[in-house]
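The structure appears below as structure tokens.
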Amino acid sequence: MKKLLLSLIVTLVSVTFVFAQNYNIDAVDGTTITDCTITLYDSGGNGGVYGTNETYTVTVCSGSTDAIEITFVDFYTESSYDEVTIYDGTGTGGSVLGTFSGSTIPGNVTSSATCITIEFTSDGSVQYDGFQLTTACVSPPPSPCDAIIPITGCGAGNAITFVSATSGSWASNPCYSSPGGEQIYSFTPTVTSTYDLEITSDGTYVDYCYQAGSCGSGGWTCIDDVITSGTYGGLSLTAGTTYYFYLDDENTTSSTHSFYVTCPPCTPANATITQTCAGDNSYYDLEVDITALVDASSVDIIIGGTTEETSVGVGTYTYFGITSGTVVEIVDDSDPTCIYAETISMCDLCSLASAPSDLCADAPLIYLTQPFEGSTDCSYTVGPTYPTESCGISLDNDSWITFIAGATDVEMDYTVGDCDPIGDGIQLTVFEGANCSSLSEVAGSCVNPTGENTTGTWNFTGLTIGETYYIRIDGYAGDLCDYYFEPGEGVVITPPNNACDDAVLLTCGDTDIASNILADAVDAPAGCSGGGTPGDGVWYTFIGDGSEVTISTDNPGTNFDTEINVFEGPCTSVTCIGGDNDGGVGMTYSFTFTTTNGTEYFIYVDGDGTAIGQFEVSLTCNSTHPCDADAGAWD
């Protein structure tokens, strides 16, 4: 009846309007009609019913750049059995823009480009009036691919909110028929791995699809039609490839979802955290040495929940005066879940990495660059075997450390705190030998006992430079005491100026006592004329002032055969000035030259050949300005 009424209306107004071309779908099955404005009926035509077991398809194209919009005028089919399906483009291989059945007139459907395909199917039983639709040429709808929003990184810090309350350009996707609004997002992973979408839903259905490399109305893979918050995906993504996520609301009412791409398991930054306790253990300092960023481009340093540094890189960061246990976190700026963390306890002498060992074989090597702290109150026991000594010490809770001699004579200052239960302090002995099973006492090295709450100086002699020695510490009669040592002279430390970039600055009149025992030739320069062939050594620097200077190891603190080479900077391309390996007294050397004002110079001190030991280097400046001459006598 509705079809007859529409036909009568069109007839009455035919004087003003041009008729659209009318077609029954069975008559144009398998064809392409190039015409903006047609009217299409089911096989029953205007006023009849469609037949059984039908499958008919027709494509309508605009013949221009316009899209085709379908408007349903009448619609009545057997619900869920007799259906009209609309495809985007030519043929049934395009995206499904909608599938309709029942008695509700569908909404308008628009192609994304210039053609649209209509397919009608029926089963073998009930038939109804079918459908009537019209077409028109319209401007193509905006493509969701024209407004892609980039996702700049993984993790909750890059969460996206999707809000839709309108109809969309694409009526369906591989997940479901979705007439609501769409939005497309791009994401380029930096690591090849498996990724998920962490989705928060407001309880409405939104379809999630994705594809790699390009964006268009087809080619999508359904992730899921999501109504419940949770984790979805398990997507295998390749580093450097751009992926597109297509979100499509299943209705035209308001929907709000938020989501983010989860980050794959990360490798946090590499770092070494060093704790330095105060002498009384009331506070400590921390040195955070970040040696590699690994997956991160920059990191934050958080101590005890307070962000101390933001967006920093490789380097050393120091924090002073911490009075309680804390947690140090090094957090990837682009992935806040990627964290290197370390718990730092309030100072406990027994848990320090440098704490003496219960067994000689496990004794740590100490460099004594600062006071060395220890305690006999660390549940130490007497080892299964131990060497005897001349001062008749009985052992109760002995522990061990080692050091390398930088001179034949060694001096250490010690401080001992409260001791319980006797109050007699600690007893000390130095041993030498190739290993713990062949130790013998260094003559004169025994201290028995120190006493409590006391300080003293410990001297022992006859050592071989560069050799490793063992110190045994024991609480006298079982005393439990805290103590620390501070080097006076003769104990080797790791040289801080092993590399040219770390050269120690000298000024006129300075001296420095150091050694090359733990140095290496990693940054050794080519030798200068007179300076020998550089081996394991260390670097110094100074700024010329135009005066004559003398660099010398001809000083009391030098105990081995040294060489001196002097260069003009910078470190990346040093130029020889000169050197000496025989200009001093005995095995010490000296080099003198006139400097240029403002020029940076570098000094390399090493041993002649493979010689190692302790040296004392000095920098002496002798002014040559003519005004420094004696004025003489005037009449």
* **Computed label-point distance, nm, for sites Ser297 and Thr461 using a 7 Å Cα→Cβ extension** => 6.5
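Excluding ligands, DNA and RNA, what is the solvent-accessible area per residue of the range 380-524 at a probe of 1.4 Å, expressed in Å²? Don't skip to the answer; put the middle values down first.
Values: 6240 Å² over 145 residues.
Heavy-atom accessible area per residue stands at 43 Å².
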* How high is the relative contact order of the range 154-244, in percent, with contacts defined as C-alpha pairs under 8 Å that are six or more residues apart? -> 33
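Treating the beta-carbon of each Lys and Arg as +1 and of each Asp and Glu as -1, no other charges, what is the dipole magnitude of the chain about its Cα centre, to the nearest 20 debye? Provide the component values of the computation, followed by the final result.
Numbers: 3 positive and 84 negative charges, 690 e Å.
With Lys and Arg at +1 and Asp and Glu at -1, about 3320 debye.
State the volume of the convex hull built on the alpha-carbon positions of the range 255-322, expressed per residue in Å³ and rounded to an integer.
For the range 255-322, the hull spanned by Cα atoms encloses 127 Å³ per residue.
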* Can you work out ³J(HN,Hα) from phi for every residue in the range 350-361, in order, using Karplus 6.51 cos²θ - 1.76 cosθ + 1.60 and θ = phi - 60°, giving whole Hz and x for Gly and Pro? -> 6, 9, 5, 4, 8, 4, x, 8, 5, 10, 4, 5
* Structure fact -> In whole Hz, the Karplus estimates of ³J(HN,Hα) for the range 88-99 (6.51, -1.76, 1.60; θ = phi - 60°; x where Gly or Pro) are 7, x, 8, x, 8, x, x, 5, 7, 8, x, 10
* Structure fact -> Any residue on another chain or 5+ positions along whose placed amide H is under 5 Å from the amide H of Glu308 is listed here as Ile301, Ile302, Ile303
* Carbon-plus-sulfur fraction of the accessible area of the chain, 1.4 Å probe, in percent? -> 49
* To do: Could you run the Debye sum over the Cα atoms of the range 76-117, one equal point scatterer each and no solvent, and tell me log10 of I(q)/I(0) at q = 0.25 Å⁻¹, two decimals?
  => -0.83
* To do: Obtain the nm distance between the two label points defined at Ser79 and Asn597 by a simple spin-label model: each point lies 7 Å from its Cα along the Cα-to-C-beta direction.
  => 10.2
* Asked: When all alpha-carbon pairs of the range 484-526 are counted, what percent fall beyond 15 Å?
  -> 54
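Looking at the calculated P(r) for the range 109-211, what percent of the C-alpha pair distances fall above 18 Å?
Values: 3372 of 5253 pairs.
Here the tail beyond 18 Å accounts for 64 percent of pairs.
Find how much the distance from Ser258 to Leu365 grows on full extension, using 0.36 nm per residue of separation minus their present alpha carbon separation; answer in nm with one decimal. Could you put the intermediate results ahead of the total?
Numbers: separation 107, 0.36 × 107 = 38.52 nm, distance 5.57 nm.
Full extension of this stretch gives 32.9 nm more.
Where a ≥ b ≥ c are the square roots of the eigenvalues of the C-alpha gyration tensor, would you call the range 281-425 rounded, which needs a/c under 1.5, or, failing that, prolate if a/b is larger than b/c, or oblate?
Details: a/c = 2.64, a/b = 2.24, b/c = 1.18.
Prolate is the answer for the range 281-425, as a/c is 1.5 or above and a/b outweighs b/c.
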* Asked: Which cross-chain or sequence-distant (5 or more) residues have an amide H under 5 Å from the amide H of Asp510, H modelled 1.01 Å from N in plane?
  -> Leu619
* Asked: In terms of modelled amide H atoms, which long-range or inter-chain residues lie less than 5 Å from the amide H of Asn555?
  -> Glu616
* Go from 0 up to the bin containing the longest alpha carbon distance in the range 23-77, width 5 Å each, and give me the % of pairs per bin. => 4, 17, 27, 25, 16, 7, 3, 1
* Structure fact -> Shape descriptors of the range 182-335 over alpha-carbon atoms, Rg and Dmax in angstrom, are 21.8, 72
* Asked: Per residue, how much accessible area does the range 189-328 show when a 1.4 Å probe rolls over the protein heavy atoms, in square angstrom?
  -> 44
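Hey, what did the range 545-621 get for relative contact order, percent, Cα under 8 Å, at least 6 apart? Don't skip to the answer; put the middle values down first.
Details: 183 pairs, mean separation 37.4, N = 77.
Normalised by residue count, the contact order of the range 545-621 is 49 percent.
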* Asked: Considering the dipole of the chain built from charges on the beta carbon (Lys and Arg +1, Asp and Glu -1) around the Cα centre, which of Cys266, Trp458, Pro144 is farthest to its positive end?
  -> Pro144
* **Magnitude of the charge dipole, the range 456-515, Cβ model with Lys/Arg +1 and Asp/Glu -1, debye to 20** => 180
* At 0.36 nm per residue, minus the direct Cα-Cα distance, what do Thr241 and Val126 gain on full extension? Give it in nm, one decimal, please. => 36.3 nm
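Over the chain, calculate the relative contact order: mean separation of alpha carbon pairs under 8 Å at least 6 apart, over the residue count, as a percent. Don't skip to the end; give the middle numbers.
On the way: 1735 pairs, mean separation 47.5, N = 635.
Relative contact order for the chain comes out at 7 percent.
Return the tail of the calculated pair distribution for the range 444-505, meaning the percent of Cα-Cα pairs more than 15 Å apart.
Working: 1254 of 1891 pairs.
Value for the range 444-505: 66 percent of Cα pairs lie more than 15 Å apart.
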* Using θ = phi - 60° and Karplus 6.51 cos²θ - 1.76 cosθ + 1.60, couplings along the range 539-547 (whole Hz; Gly, Pro as x) -> 10, 10, 9, 7, 9, x, 10, x, 8
* **Zone residues, the range 391-420, relative to Ser357, backbone N less than 18 Å from point 7 Å out along Cα-to-Cβ** => 397-405
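The values are calculated or read from the model by the stated rules, or taken from the named source; none is laboratory data. Since this is a predicted model, take the numbers as computed values, not measurements. Virtual Cβ from ideal backbone geometry, glycine too; neighbours counted across all protein chains shown. Ligands, DNA and RNA are stripped out before the accessible areas are found, and what is left, the full protein with its side chains, is counted by its heavy atoms. Shrake-Rupley method; radii C 1.70, N 1.55, O 1.52, S 1.80 Å.
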